[in-house]
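Q: A single structure is presented below for examination.
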Amino acid sequence: MSFIKVKDLKPIKQPGINIIVRVIIKGEPRTVKTKFGHSRVCDVKVGDETGTTTMSFWGSKINEVSFGDLLKIEEGYTNVWQGRAQLSLGRNGTMAKIEDESFPDAQTILNKFIEESQEEEE
């Protein structure tokens with residue numbers, strides 16, 4: 001199985017995403033109305049050495065991730081939100097916390113995200 005990098009995520013609806021990312025920012029959970037009723041969702045900023053993206057966690061999955069966690073996502077998918085790729089587990093995706101000493105730590109990725117955000121504002 002091959003894993004892609006954040007920089008390779010495309011802002012299109014794309015299933016079958018296998019990726020390893022680290023949690024760098026966890027937003028506040030909120031309640032949204034969906035076609036299935038009300039549900040809780042939380043946007044989490046994740047990244048690797050190539051960039052960052054937003055990943056949405058729904059329901060009980062919200063409590064399964066914290067700052068610094070390294071996540072192996074298999075069979076996730078991307079969707080488009082505000083013109084950017086957004087990662088999600090969907091119904092078929094799986095997520096596991098893993099350890100990898102060679103993967104950049106959360107602070108390194110967070111610093112990269114801050115730099116990217118400042119460049120976009122200029």
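Throughout, read-outs are computed from the coordinates displayed, never taken from laboratory work. Predicted, not measured: the structure shown is a model, and the values here were computed from it. Every residue, glycine among them, receives a Cβ derived from its backbone with ideal geometry; neighbour counts consider all protein chains shown.
Q: For region 61-122, give the magnitude of the charge dipole about the Cα centre (Cβ charges: +1 Lys/Arg, -1 Asp/Glu; no others), in debye to the nearest 20. Don't skip to the answer; put the middle values down first.
A: On the way: 6 positive and 14 negative charges, 100 e Å.
Dipole size: approximately 480 debye.
Q: Using θ = phi - 60° and the Karplus relation 6.51 cos²θ - 1.76 cosθ + 1.60, list the HN-Hα couplings for region 105-120 in order, rounded to whole Hz, with x at every Gly or Pro.
A: 6, 4, 5, 4, 5, 4, 4, 5, 4, 4, 4, 4, 5, 5, 5, 5
Q: Identify which of Asn111, Asn18, Asn79 has the largest mean-square fluctuation in a Gaussian network model of the chain, with springs joining Cα atoms closer than 10 Å.
A: Its mean-square fluctuation being the largest, the pick is Asn111.
Q: Anyone know which of Gly59, Gly68, Gly93 comes out most mobile in the 10 Å Cα GNM of the chain?
A: Judging by the Gaussian network model, the answer is Gly59.
Q: Mind checking the log10 I(q)/I(0) for region 6-117 at q = 0.17, 0.19, 0.22 Å⁻¹? Debye, one equal scatterer per Cα, no solvent, two decimals.
A: -0.79, -1.00, -1.34
Q: With no solvent and one equal point scatterer placed on each C-alpha of region 16-62, evaluate the Debye formula and give log10 I(q)/I(0) for q = 0.14, 0.18 Å⁻¹, two decimals.
A: Taking Cα atoms of region 16-62 as identical point scatterers yields -0.40, -0.61.
Q: Hey, another quick one. Scan region 20-122 for trypsin sites (Lys or Arg not before Pro) in coil per DSSP, keeping those whose Cβ has at most 14 other Cβ atoms within 10 Å, and list them by number. Each step should come with its number before you reach the end.
A: Numbers: sites: Arg22, Lys26, Arg30, Lys33, Lys35, Arg40, Lys45, Lys61, Lys72, Arg84, Arg91, Lys97, Lys112; in loops: Lys35, Arg91.
Qualifying residues, ordered by number: Lys35, Arg91.
Q: Sequence-distant or interchain residues sharing an amide H contact under 5 Å with Gly68, placed H: which?
A: Residues meeting the criterion, in which the H sits 1.01 Å from N, are Val23, Ile24.
Q: Among Val21, Val44, Val80, which one moves the most in a GNM of the chain with springs linking Cα atoms closer than 10 Å?
A: Residue with maximal mean-square fluctuation among Val21, Val44, Val80: Val80.
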